[in-house]
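Below: one structure in structure tokens.
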Amino acid sequence: MCDTLVRVLHDRVLFAKNSDRDPNEAQFLDWQPRRAHPLGEPLRCTWITIPQVRETHAVLLSRPFWMWGAEIGTNEHGVVIGNEAVFTRQPYAATGLTGMDLLRLALERGATAEQAVEVITDLLAIHGQGGGCGHEDRSFTYHNSFLVADPRGAFVLETAGRRWEAERVTGARSISNGLTLPGIVEQRDRVRTRISACQARRVRTGVAAQHAEDVGDLARALRDHSDSVQPRYHLINGAMAAPCMHAGGLLAASQTTASWLAELRPGKVQHWVTGTAAPCTGLFKPVRVDEPVDLGPAPTDRADPASLWWRHERLHRRVMRDPSRLMPLFVDERDAIEARWWAAPPEPQAAFAEADRRLAEWTARVAAVRGQDTRPYWVRRYWRVRDRRASLTDLQQRE
């Protein structure tokens with residue numbers, strides 16, 4: 001489950017996405033340089049091999065650790081893309097290009113938003129989409145929608161199998177886990193779409209997009225718990241009804257595992273990422289396609305203190321036991337840092353270094369506070385299982 005929003009203004013385009021996936025499905029920032037390739041070189045994507053093109057653009061991707069494709073990304077030309085799972089009545093192919101593969105391919109091959117849309121639709125026609133997309137349940141699969149933007153505008157692209165519909169964005173737009181365009185909306189699977197709670201989220205992100213004037217407004221939209229500090233958990237799908245998603249449902253569960261903001265101007269593009277889960281507890285840091293940051297080894301689904309993503313999980317998972325009491329211990333400091341950075345973006349390496357120091361301070365501060373887990377019992381049980389799988393059993397001992 002995911003949410004992506006955009007606002008097209010006369011002098012710039014604002015873009016934001018929350019990537020929502022399984023709670024232990026760590027994502028990492030992956031810088032790939034511009035490359036030339038031999039004629040006829042094969043390219044292995046997540047599940048299938050396709051022909052490579054002669055040249056690929058430099059890209060920066062937010063990538064779940066186990067797949068070739070990416071959930072969010074940008075390229076050297078200022079194109080940025082976010083994708084969404086959508087549930088349709090068209091057959092699901094056993095293999096093919098995943099939506100995340102299509103996103104990466106579009107960034108590597110498209111120099112404008114319009115070209116990126118063409119790359120996706122051409123690849124759909126040739127190879128189709130399919131294959132397992134889940135981490136905990138590798139058989140979990142879906143079709144995809146995309147929000148594709150560059151400094152000149154944006155497009156919504158929605159698919160159902162090999163069918164697709166695209167529309168240029170005017171003003172503000174958000175997409176979630178449901179089909180919306182007139183030419184394809186009748187293909188939606190009504191039951192799975194309803195369980196995803198996408199309509200509730202799309203209303204909130206749509207309003208936020210309409211009023212967004214800067215990246216600070218976008219950050220607040222991605223941190224939205226439906227106007228509450230404490231996520232509101234439902235027995236069926238956890239806290240899936242708000243853009244800042246927290247897992248814990250018995251039937252469906254998804255967690256925000258990465259977040260991205262972008263301000264796209266002709267000749268000046270600025271991207272901001274958390275590089276971590278849960279934007280409500282995270283810190284947005286500036287990144288550039290041509291300036292890789294050393295973030296240590298790529299994460300897996302097991303806790304690793306060398307991984308930024310997993311270091312942040314020790315803060316995030318503690319805070320979510322009682323957000324109303326624990327978030328005030330550090331969010332004012334976090335917001336002040338971001339406000340300073342919005343006004344004058346620091347060098348990425350320096351920003352990540354400062355963020356890591358702050359993360360250590362905030363984690364220690366939160367860990368020193370003892371108290372009960374205030375979440376519903378089924379949510380506590382859900383997270384105990386994920387903590388054990390990730391070898392974070394020391395967090396359970398503090399209950």
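Considering only residues that are assigned to a loop (DSSP other than H, G, I, E, B), among the small types (Gly, Ala, Ser) and more than 15 Å from Val119 (Cα to Cα), which ones fall in segment 43-79? Steps first, answer last, please.
So the first thing to find is which residues in segment 43-79 are assigned to a loop (DSSP other than H, G, I, E, B), and the list is 45-48, 52-54, 57-58, 65-71, 76-79.
Adding the requirement that they be among the small types (Gly, Ala, Ser) leaves 58, 69-70, 78.
Residues satisfying the conditions are Ala58, Ala70, Gly78.
Are any of the residues in segment 130-152 open to solvent by less than 10 Å² (accessible area, probe 1.4 Å), farther than 22 Å from Arg265 by Cα, out of contact with any Cys (no Cβ under 9 Å at 6 or more places or on another chain) and among the β-branched types (Val, Ile, Thr)?
no
Any chance segment 56-68 includes a residue that's more than 23 Å from Ser176 (Cα to Cα), of a type in the set (S, T, N, Q) and open to solvent by 40 Å² or more (accessible area, probe 1.4 Å)?
No - not one qualifying residue is present in segment 56-68.
To keep it simple, each residue is scored yes or no on (1) assigned to a loop (DSSP other than H, G, I, E, B); (2) crowded, with 20+ Cβ neighbours inside 10 Å; (3) modelled with pLDDT of 90 or more.
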{"position": "Arg201", "(1), (2), (3)": "no, yes, yes"}
{"position": "Glu213", "(1), (2), (3)": "yes, no, yes"}
{"position": "Asp217", "(1), (2), (3)": "no, no, yes"}
{"position": "Ala221", "(1), (2), (3)": "no, yes, yes"}
{"position": "Ala262", "(1), (2), (3)": "no, yes, yes"}
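In segment 154-175, which residues are touching a Gly at 6+ places or on another chain (Cβ under 9 Å), in contact (Cβ under 8 Å) with a residue 24 or more places away in the chain, under 20 Å from Ala212 (Cβ atoms) and not β-branched (Val, Ile, Thr)?
Ala172, Arg173, Ser174 - these are the residues of segment 154-175 that are touching a Gly at 6+ places or on another chain (Cβ under 9 Å), in contact (Cβ under 8 Å) with a residue 24 or more places away in the chain, under 20 Å from Ala212 (Cβ atoms) and not β-branched (Val, Ile, Thr).
Looking at (1) within 21 Å of Asp22 (Cβ to Cβ); (2) buried (at least 20 other Cβ atoms within 10 Å of the Cβ); (3) among the aromatic types (Phe, Trp, Tyr), can you tell me which one Trp378 breaks?
(2)
Just one of (1) open to solvent by less than 10 Å² (accessible area, probe 1.4 Å); (2) in a loop (DSSP other than H, G, I, E, B); (3) touching a Cys at 6+ places or on another chain (Cβ under 9 Å) trips up Asp20, so point out which.
Against the list (1) open to solvent by less than 10 Å² (accessible area, probe 1.4 Å); (2) in a loop (DSSP other than H, G, I, E, B); (3) touching a Cys at 6+ places or on another chain (Cβ under 9 Å), Asp20 comes up short only on (2).
I would also like to ask the following. Of everything in segment 369-392, what is under 12 Å from Gly238 (Cβ atoms) and in contact with a Phe, Trp or Tyr (Cβ under 9 Å, 6 or more places away or on another chain)? Give them in sequence order.
Selection gives Arg375, Pro376, Trp378, Val379.
Can you tell me which residue among Leu315, Leu326 is in contact (Cβ under 8 Å) with a residue 12 or more places away in the chain, more than 24 Å from the chain's Cα centre (by Cα), part of a helix (DSSP H, G or I) and buried (at least 16 other Cβ atoms within 10 Å of the Cβ)? If you could, list the steps in order and put the result at the bottom.
On the way: Leu315 fails: more than 24 Å from the chain's Cα centre (by Cα).
Testing whether each residue is in contact (Cβ under 8 Å) with a residue 12 or more places away in the chain, more than 24 Å from the chain's Cα centre (by Cα), part of a helix (DSSP H, G or I) and buried (at least 16 other Cβ atoms within 10 Å of the Cβ) leaves just Leu326.
Name the residues in segment 363-399 that are in contact with a Leu (Cβ under 6 Å, 6 or more places away or on another chain) and within 29 Å of Glu338 (Cα to Cα), would you?
Matches in segment 363-399: Thr363, Arg365, Val366.
Return the residues of segment 223-252 that are free of Cβ contacts under 8 Å to residues at least 40 places away in the same chain and surrounded by fewer than 16 Cβ atoms within 10 Å (Cβ to Cβ); say none if nothing qualifies.
Ser226, Asp227, Ser228, Arg232
Right, another one. If Val79 passes every condition in (1) without any contact (Cβ under 8 Å) to a residue 24 or more places away in the chain; (2) out of contact with any Lys or Arg (no Cβ under 9 Å at 6 or more places or on another chain) but one, which one does it miss?
(1)
The values are calculated or read from the model by the stated rules, or taken from the named source; none is laboratory data. None of these values were measured; they are calculated from a predicted model. Virtual Cβ from ideal backbone geometry, glycine too; neighbours counted across all protein chains shown. For the accessible areas, the whole protein counts, side chains as well, though only heavy atoms, and no ligand, DNA or RNA atoms are used. Shrake-Rupley method; radii C 1.70, N 1.55, O 1.52, S 1.80 Å.
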